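One structure is given below, encoded as structure tokens.
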Amino acid sequence: MLAAAVGCGDAGGLEGAGATETAVGPARLWPELTPASSPAFEIGEVNTEVVKGVKVPGDDIRRVDPVGVVRAEMAASPGDYDGDKAPYRDTNRRMADCGKGPEHGRCPVLRPYYRDLTGDGRDDLTLGFRLLPGKTTAVRVYTVEKHRLVQVMAWEDALSGVELAGRSLVIRSPSEVAGYEYRLQWTWDRDQRAMLLTQDEMLRTGPRQHSRHPSAAPSASPSASTG
């Protein structure tokens, strides 16, 4: 056994990774505080609504007109789209170019994607459209319930990437911090019948910037700072 272990140090063999950092357990802060029983702010974790004025022929979401879905949302919030001072006025103007469908000409509606996100064996609709004249894009997810089109997720942001992974939708957005981006993930929750925001992360995307000064040596007994 000893001979075999020594032999591992030869070229192509196993090598030691160095000393392992000492594990530090979590430190509970302010244990005297009474745990809150309700949220301080309402952020709309469950965001669902029936899309009015849009029919689903044969309960087949692929037969729903994506441009019609966007028009229905615009009609429900005219103050955001109508008029020279509306924040998304150019989206409204460019909808006239959507006669041939999404992504034709200057149509702000993006190509739709279909995937079963709810686990019921039927496709759901992931739709995006640009909120102009700004650089924000709206992302929506729709499913069919009781012969009606239901929006089960909504988000607007400057996008650097959107992905479908399993029953999750992942949105990546740029950060003001150089070398980092935001990564948000929504996942279908069968109890809430909605896509819930299950992960909200800030991730490094660029190369690490090394400090000119050596980092301070860790203390002998790490603890949570109260400062």
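Show which lysines lie in cross-link reach of LYS146 when reach means a straight Cα distance below 28 angstrom and same-chain residues fewer than eight apart are skipped.
Result set, ordered by chain and number: LYS52, LYS55.
For labels at ARG148 and GLU15 in the simple 7 Å Cα→Cβ model, what's the distance in nm?
Modelled inter-label distance: 6.4 nm.
Take each of the peptides 162-170, 25-33, average the number of other beta-carbon atoms within 10 Å over its residues, and list them starting from the highest.
162-170, 25-33
May I ask you to give the solvent-accessible area per residue for segment 49-204, in square angstrom, as obtained with a 1.4 angstrom probe?
Per-residue accessible area for segment 49-204 comes out at 55 Å².
Take each of the peptides 137-146, 152-161, average the number of other beta-carbon atoms within 10 Å over its residues, and list them starting from the highest. Could you put the intermediate results ahead of the total?
Values: 137-146: 20.2, 152-161: 17.2.
Averaged packing, sorted descending, gives the order 137-146, 152-161.
The values are calculated or read from the model by the stated rules, or taken from the named source; none is laboratory data. The shown structure was predicted, so the numbers you read here are calculated from the model rather than taken from an experiment. All Cβ positions, glycine included, derive from the backbone under ideal geometry; neighbour counts span all protein chains shown. Just so you know, the surface numbers come from the protein's heavy atoms only, side chains and all, with ligands and any DNA or RNA stripped out. Shrake-Rupley method; radii C 1.70, N 1.55, O 1.52, S 1.80 Å.
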